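Here's the structure, in structure tokens; my notes come after.
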Amino acid sequence: MYMEQVQAMDPLLGEAMVAARSVELALAKRWFAVIFETDSKLLWEVVMDGARTPRWKIVDLVDSLRLVFKAQSVWSLYWVPRKLKRQAHLLAKWAARSHRSGFCDVNCIPFHILYCDSDTPLF
């Protein structure tokens, strides 16, 4: 798992920065098939629909993302509603509070976060 803090006051800009950084990391690691997820429906729509004009704050990031997804045909970007991404948000809060960044083994993630989306009782 990879964690990194992004400094952005605007949520849409933050989402776009995270998407761009994720793509950058995947390119650097030469990962072949990657599925990216975002809970920003607006970002997802504007990246996937090349005819839509993005908001000026994210236009450069969206242009870069569009180019990468066009070049990396086996990569995909999906919109997942926030209510279905509870684990990702708890993980982000935990990483920020504990000042963690970089790659992290899943064994270091608190149990309540690791299994928060599980339907199976933990005990």
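The values are calculated or read from the model by the stated rules, or taken from the named source; none is laboratory data. It should be emphasised that the depicted structure is a prediction, and the values quoted were computed from it without experimental measurement. Here Cβ is always computed from backbone atoms with ideal geometry, including for glycine, and neighbour counts include all displayed protein chains.
If you go through segment 50-63 one residue at a time, how many are surrounded by fewer than 16 Cβ atoms within 10 Å (Cβ to Cβ) and either assigned to a helix (DSSP H, G or I) or at pLDDT 95 or above (or both)? Steps first, answer last, please.
So in segment 50-63, the residues surrounded by fewer than 16 Cβ atoms within 10 Å (Cβ to Cβ) come out as 50-53, 55-57, 59-60, 63.
Checking the rest, the ones that are also either assigned to a helix (DSSP H, G or I) or at pLDDT 95 or above (or both) come to 56-57, 59-60, 63.
So the count comes out to 5.
For segment 70-87, residues that are touching a helix residue (DSSP H, G or I) at 6+ places or on another chain (Cβ under 9 Å), surrounded by 12 or more Cβ atoms within 10 Å (Cβ to Cβ) and either at pLDDT 95 or above or not in a helix (DSSP H, G or I) (or both) total 6. Does Ile35 fit the bill of being closer than 30 Å to Cys116 by Cβ, in contact with a strand residue (DSSP E or B) (Cβ under 6 Å, 6 or more places away or on another chain) and of a type in the set (Val, Ile, Thr)? So Ile35 passes the test.
I'm trying to understand the selection: among the residues of segment 13-44, which are of a type outside the set (A, V, I, L, M, F, W, C) and farther than 16 Å from Trp75 by Cα?
Scanning segment 13-44 gives Gly14, Glu15, Asp39, Ser40, Lys41.
Checking each residue in segment 73-123 for being more than 22 Å from Asp39 (Cβ to Cβ) and not small (Gly, Ala, Ser) picks out Val74, His99, Phe103, Asp105, Asn107, Cys108, Phe111, Thr120, Pro121, Leu122, Phe123.
Scanning segment 6-26 for residues that are part of a helix (DSSP H, G or I) and touching a helix residue (DSSP H, G or I) at 6+ places or on another chain (Cβ under 7 Å) gives Leu12, Leu13, Glu15, Ala16, Met17, Ala19, Ala20, Val23.
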